[in-house]
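J.: Let me give you the structure first, and then I'll get to my questions.
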Amino acid sequence: MTLDAGICSNGHVSYPTHPLCPECGEPQEETVDLSDRTAEVVTWTHSTATPPGVREPNTLAIVEFDITDLDEASDEFVRALGQVTTDEVETGDTVEPVYVEELRDPEAGIKVPESQDWGGYRWDPV
Amino acid sequence: MGVAVIGASMTKFGQRDAWIRELLSQAGEECLTDAGVAPDDVEHLYVSNMASGEFEGQTGIMNLLAHDLGVLPAYSERVDQTSSSGGAGIYEAWQSVASGASEMTLLVGGEKMTHKTTGQATDIIASITHPDEYKHGVTLPSFAGMTARHYLERFDAPRESLARVAVKNHRNGVDNPKAQFQKEITMEKALESPIIADPLRLYDFCPITDGSAALMFTTEERAKEITDEYALVSGIGGATDTHVVHERDDPTIMGGVVESSKQAYEMAGLSPDDLDVAELHDMFTILEFLQLEGIGVAEQGTAWELAMDGATAKDGDLPINTSGGLKSKGHPLGASGVAQGVEIYEQLVGEAGPRQVDADTALACNVGGFGNCVITTIMEAAE
Ligand SMILES: [Zn+2]
């Protein structure tokens, strides 16, 4: 499994990927796998009023991956949103991505289950 | 061509027995009466609504309403821009008159939501997010929680400042007979209410609401013939920010608010200092701060001070949400932006009753998603 960010020919990086780079409009022809990297928590919440099929509480965090070591990238960081493996998390914590087959029950919500994938990465504080 | 607003109406907001058809026709009919316009004279009809199909199974509501109001064969269209559908409707209505395509345009916004459980309604609204956000169970309130935490931590703002927004808007709502809640709340009540997406609590969020609101637009020329009491749409702007919320450069800057208000000020030839009153989209208390900063009333990271000082209260320097805001008036998605327009129109023509402030220039900012799409409208009183 990979946590793919998109990268364009000008080195702009985004997660998730887009057909055209949101920064410059060039195609995002390559991807960068972030799954082996750690990230830092920018902000988080315990969401308690969750929709059908979603765990409660649902602890969510926006995290930032440092990508200054990536030669092909001109951006210094890329952010991602995800569930947190635990309810104990603080701003500034270092987390690593952990793959989960099903982040919520695809059958319980309004969306057609086949219309998208439901697996993804949670953030696990290290 | 100058565009004028000559009539306004809104139904009672709250938990209503009526379904979408009745809500829309009630506001539409009252607006025709208020404007003194015959159904025959309506050339364009816009219906702002986010999700009548998902909530109720009723689609094609522009046709339904056009027939029910007897405005046939007027051009009709449903306008969806999620929570900013109402503002987008103002934009469409303004465009229709400004372009010369229509001399008389009726805008009706409405939503029927309360028959769904909170979870179901939250899910319908959360379906506006990117699939990679949705699969994590993200909700609009959870974006608000994460943004509020970042704002408070980064700008060293007190948690209390958010509660002050809720207390103020509930206070304003007491004077609005159409509001869902006409009830004051205390700081203690706001700060001790259940956590929804910490640091935000129940009283940091607007309720789920049924309701409808309407506005009548015409040319400045026709307005002069019809009435002495009208307002002019002197500036309007609309803009779109990233769909994926975490992709924004700065989580505390709402790019759509900045861009749309810049357009509106430029068109009107005005600046933030010229505003006398404003309606901001307080779906969450934190949004009042982000919009005050986005429309240039406060510097980044300082709008919380205005709440603490009382500068945004009804008797303050710049009254914000005299209607009670989404917080106490309620938030029937497609109706909200239109209802903001109704409030600033009533303030400008002197029909706001106990909510009346001294105002010649007013702004409304309607936010879709979590700042994903934004419409800013500036109206001025006719001379
Ligand atoms: Zn690029």
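J.: So for the range B:315-382, what are the equivalent ellipsoid semi-axes in whole Å, largest first, each being the square root of 5 times an eigenvalue of the Cα gyration tensor? Write out the running numbers ahead of the final one.
T.: On the way: eigenvalues 84, 35, 24 Å².
Taking √(5λ) for each eigenvalue gives 21, 13, 11 Å, largest first.
J.: Determine by what factor the alpha-carbon radius of gyration of the range B:31-147 differs from 2.2 N^0.38 Å, reporting the quotient. Intermediate values should be presented prior to the final figure.
T.: On the way: Rg = 16.9 Å, N = 117, 2.2 N^0.38 = 13.4 Å.
Expressed relative to 2.2 N^0.38 Å, the Cα Rg reads 1.26.
J.: Which percentage, to the nearest 5, of the DSSP beta bridges contained in the protein assembly as shown is antiparallel?
T.: Numbers: 68 of 85 bridges.
The antiparallel proportion sits near 80 percent.
J.: Tell me, rounded to the nearest percent, the portion of alpha carbon pairs in the range B:155-311 spaced more than 28 Å apart.
T.: 32
J.: Quick check: residue separation of B:Thr33 and B:Glu184 times 0.36 nm, minus the Cα distance between them. What number comes out in nm?
T.: Numbers: separation 151, 0.36 × 151 = 54.36 nm, distance 3.25 nm.
Here the answer is 51.1 nm.
J.: Another question, if that's okay. Counting only other chains, and only Cβ atoms inside 10 Å, what mean value do you get across the residues of B:238-244?
T.: Details: counts 0, 0, 0, 0, 3, 3, 8.
Per residue, the average neighbour count from other chains is 2.
J.: If you don't mind, there's one more thing I want to ask. Which whole-percent values make up P(r) of the protein assembly as shown when all C-alpha to C-alpha distances are grouped in 10 Å steps starting at zero?
T.: 4, 20, 30, 25, 15, 5, 1, 0
J.: Tally the DSSP beta bridges in chain B and give the antiparallel ones as a percent, rounded to 5.
T.: For chain B, the DSSP antiparallel bridge percentage is about 70.
J.: Also: Go through the range B:327-335 residue by residue and turn each phi into a ³J(HN,Hα) via Karplus (6.51, -1.76, 1.60, θ = phi - 60°); whole Hz please, and just put x for glycine and proline.
T.: Each residue of the range B:327-335 in turn: 4, 10, 6, x, 9, x, 2, x, 7 Hz.
J.: How large is the dipole of the protein assembly as shown about the Cα centre if only Lys and Arg carry +1 and Asp and Glu carry -1, each at its Cβ, rounded to the nearest 20 debye?
T.: 1780
J.: If you don't mind, there's one more thing I want to ask. Which GluC sites (Glu not before Pro) does the range B:285-375 hold that lie in a coil by DSSP with at most 12 other beta carbons within 10 Å? It would help to have the intermediate numbers written out before the result.
T.: Details: sites: B:Glu288, B:Glu293, B:Glu299, B:Glu305, B:Glu343, B:Glu346, B:Glu351; in loops: B:Glu299, B:Glu351.
Sparse-neighbourhood loop GluC sites (Glu not before Pro): B:Glu299.
J.: I've got another one for you. With the contact rule set at Cα under 8 Å and sequence spacing of 6 or more, what percent relative contact order holds for chain B?
T.: Details: 958 pairs, mean separation 101.0, N = 383.
Normalised by residue count, the contact order of chain B is 26 percent.
J.: Relative to a virtual label point 7 Å from the Cα of A:Ser115 in the Cα→beta-carbon direction, which members of the range B:115-131 show backbone nitrogen distances below 19 Å?
T.: B:116-117, B:119-131
J.: Per the Kirkwood definition applied to all pairs of different Cα atoms, how many angstroms is the hydrodynamic radius of the range B:134-234?
T.: Working: mean 1/r = 0.0594 Å⁻¹.
Averaging 1/r across every pair of different Cα atoms and inverting gives 16.8 Å.
J.: I need the Kirkwood Rh of the range A:37-125: take the reciprocal of the average 1/r across all distinct C-alpha pairs and report it in angstrom. Kindly include the intermediate steps, with their values, before the conclusion.
T.: Values: mean 1/r = 0.0707 Å⁻¹.
Result for the range A:37-125, one decimal place: 14.1 Å.
J.: Still on this model: Could you pull the Rg and Dmax for chain B, using just the Cα atoms, both in Å?
T.: 19.0, 57
J.: May I pose another question? So what are the ³J(HN,Hα) numbers for the range A:67-73, from phi and the Karplus equation (6.51, -1.76, 1.60; θ = phi - 60°), rounded to whole Hz, Gly and Pro as x?
T.: So the Karplus estimates, Gly and Pro as x, are 10, 4, 7, 7, 4, 6, 8 Hz.
J.: Follow-up question, since we're still on this one. When all alpha-carbon pairs of the range B:238-383 are counted, what percent fall beyond 22 Å?
T.: Details: 3451 of 10585 pairs.
When every Cα pair of the range B:238-383 is considered, 33 percent fall beyond 22 Å.
J.: Partner chain Cβ atoms within 10 Å, averaged over the residues of B:142-151 - can you pull that number for me?
T.: Average per residue, whole number: 5.
J.: Another question, if that's okay. Count, for each residue of B:187-199, the Cβ atoms from other chains sitting within 10 Å of its Cβ, then give me the mean as a whole number. Let's see the in-between values first.
T.: Numbers: counts 0, 0, 0, 0, 0, 0, 0, 2, 6, 5, 9, 7, 2.
Mean partner-chain Cβ count within 10 Å for B:187-199: 2.
J.: Could you go through the range B:346-356 in sequence order and give the Karplus-derived ³J(HN,Hα) for each residue, using 6.51 cos²θ - 1.76 cosθ + 1.60 with θ = phi - 60°, rounded to whole Hz, and x for Gly and Pro?
T.: Result, ordered by residue: 5, 4, 6, 9, x, 10, 8, x, x, 8, 4 Hz.
J.: How high is the FRET efficiency between A:Thr17 and B:Leu202 when r is their beta carbon distance and R₀ equals 30 Å, given to the nearest 0.05? Intermediate values should be presented prior to the final figure.
T.: Details: r = 37 Å, r/R0 = 1.23.
So the FRET efficiency works out to roughly 0.20.
J.: Taking only the alpha carbons of the range A:1-87, what extent do you get along each of the three principal axes, in Å, biggest first?
T.: Taking the Cα atoms of the range A:1-87, the three principal extents are 41, 25, 23 Å.
J.: Along the positive direction of the dipole of chain B (beta-carbon charges: Lys, Arg +1; Asp, Glu -1; about the Cα centre), which of B:Pro141, B:Gly341, B:Thr252 reaches farthest?
T.: Checking the options against the dipole of chain B, the answer is B:Pro141.
J.: Under a plain spin-label model, where a point goes 7 Å from the Cα along Cα-to-Cβ, how far apart in nm are A:Glu64 and B:Asp317?
T.: Spacing of the two 7 Å Cα→Cβ label points: 3.1 nm.
J.: Among A:18-24, B:10-16, B:96-102, how do they line up from the highest to the lowest mean number of other beta-carbon atoms within 10 Å?
T.: On the way: A:18-24: 14.6, B:10-16: 22.0, B:96-102: 16.7.
Put in order of decreasing packing, that is B:10-16, B:96-102, A:18-24.
J.: In addition: How much length would be gained if the chain were fully extended between B:Glu192 and B:Gln15, taking 0.36 nm per residue of separation minus their Cα-Cα distance, in nm to one decimal?
T.: Numbers: separation 177, 0.36 × 177 = 63.72 nm, distance 2.48 nm.
That works out to 61.2 nm of additional length.
J.: Return the Cα extents of the range B:83-166 along principal axes one, two and three, sorted largest first, each rounded to a whole Å.
T.: If we take the Cα atoms of the range B:83-166, the spans are 50, 31, 27 Å.
Quick note: the coordinates plus some simple rules give every number you see, no bench work behind them. Quick caveat, the model's predicted, so the values are computed rather than measured. Note that we place each Cβ from the backbone using ideal geometry, even for glycine, and neighbour counts take in every protein chain shown.
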